[in-house]
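Peer 1: This is the structure I want to talk about, given as structure tokens.
Coordinate-derived values only; no laboratory data. Quantities reported herein were computed from a predicted structural model and do not represent experimental measurements. Neighbour counts run over all protein chains shown; Cβ positions are idealised from the backbone, glycine included.
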Amino acid sequence: MLSIHVFWDGLLYWLYWTTKIKHHGGKGVGIRIRPQYSSPSEHPENGDLRDLYRPIFQKHQVDIVLQAHDHNYQRTIPLNMIKRQANPYVTDNNAKNYEDRVGSVYVTVGTGGAALHKLNGKAPYVAAQYMGFGFLDISITSNGENLTSSFYASSDDTVRDRFTLIK
């Protein structure tokens with residue numbers, strides 16, 4: 001499913017039905033521009049967008065939400081929210097492998113070439129973060145049951161983060 005940074009009733013309708021249709025088995029992927037969950041950096045978490053999209057992502061069990069806007073790499077552990085609350089509910093503290101978990105993993109990948117944004121600390125629900133250029137490789141295997149994500153540093157092609165979602 002794909003969403004863009006606007007507030008249209010039509011967009012919400014489209015997002016709702018896209019996630020509903022796409023969630024008949026396999027992995028659900030959401031794409032967002034502004035970060036909904038992140039460590040302190042250039043752009044703060046956007047609570048309004050989080051409150052707007054979170055119920056749709058949760059209802060349709062979206063596995064991974066890709067976000068950008070901050071020029072660094074960050075990945076959360078699976079998060080779930082109950083209505084409007086200040087902090088997300090952590091559903092799995094395992095830092096690398098998540099099996100039959102509840103909640104979405106939020107990944108910020110703003111590492112494509114623009115000036116990097118400094119990380120000013122680490123949010124308690126962020127499992128990994130990296131300030132450097134790089135790219136994210138996502139592989140979906142086992143008939144859509146496994147999603148493995150690897151973040152590679154552009155400078156030397158080393159894996160800086162890797163995690164697996166298993167249904």
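Peer 1: Whose amide H sits under 5 Å from the amide H of residue 41, counting only residues 5 or more places off or on another chain, with H placed in the peptide plane?
Peer 2: Residues meeting the criterion, in which the H sits 1.01 Å from N, are 120.
Peer 1: Taking a spot 7 Å from the Cα of residue 115 along the direction of its beta carbon, which residues of the stretch 61-81 have an amide N less than 18 Å from it?
Peer 2: Within reach of a label on residue 115, which here means backbone N under 18 Å from a point 7 Å along Cα→Cβ, the stretch 61-81 contributes 69-73.
Peer 1: Let me ask something additional. With a 10 Å radius around each residue's Cβ, average the other Cβ atoms per peptide and rank 110-119, 50-59, highest first.
Peer 2: Values: 110-119: 14.8, 50-59: 17.8.
Final packing ranking: 50-59, 110-119.
Peer 1: Sort 67-78, 155-166, 34-45 by the packing proxy (mean of other Cβ within 10 Å over each peptide's residues), most packed first. It would help to have the intermediate numbers written out before the result.
Peer 2: Numbers: 67-78: 23.2, 155-166: 14.3, 34-45: 20.2.
Peptide ranking by packing, descending: 67-78, 34-45, 155-166.
Peer 1: Non-local amide H neighbours of residue 67 (under 5 Å, H modeled in plane, Pro and chain starts lacking H): which ones?
Peer 2: 32, 107, 108, 109
Peer 1: Considering amide H positions built from the backbone, and no H for Pro or chain starts, which residues 5 or more places from residue 160, or on another chain, come under 5 Å of its amide H?
Peer 2: Counting only residues 5 or more places away or on other chains, the set is 151, 152, 153.
Peer 1: How much length is gained if the chain between residue 155 and residue 102 is pulled fully straight, taking 0.36 nm per residue apart and subtracting their Cα-Cα distance, in nm to one decimal? Walk me through the intermediate numbers first.
Peer 2: Values: separation 53, 0.36 × 53 = 19.08 nm, distance 3.47 nm.
Stretched fully, the residue 155-residue 102 segment lengthens by 15.6 nm.
Peer 1: Using label points projected 7 Å from each Cα along Cα→Cβ, tell me how many nm separate residue 95 and residue 143, to one decimal.
Peer 2: 3.5
Peer 1: In whole Hz, with x marking every Gly and Pro, tabulate ³J(HN,Hα) for the stretch 38-55 from phi via Karplus 6.51 cos²θ - 1.76 cosθ + 1.60, θ = phi - 60°.
Peer 2: Rounded to whole hertz, the list is 6, 6, x, 7, 4, 10, x, 4, 9, x, 5, 5, 4, 5, 6, 8, 3, x.
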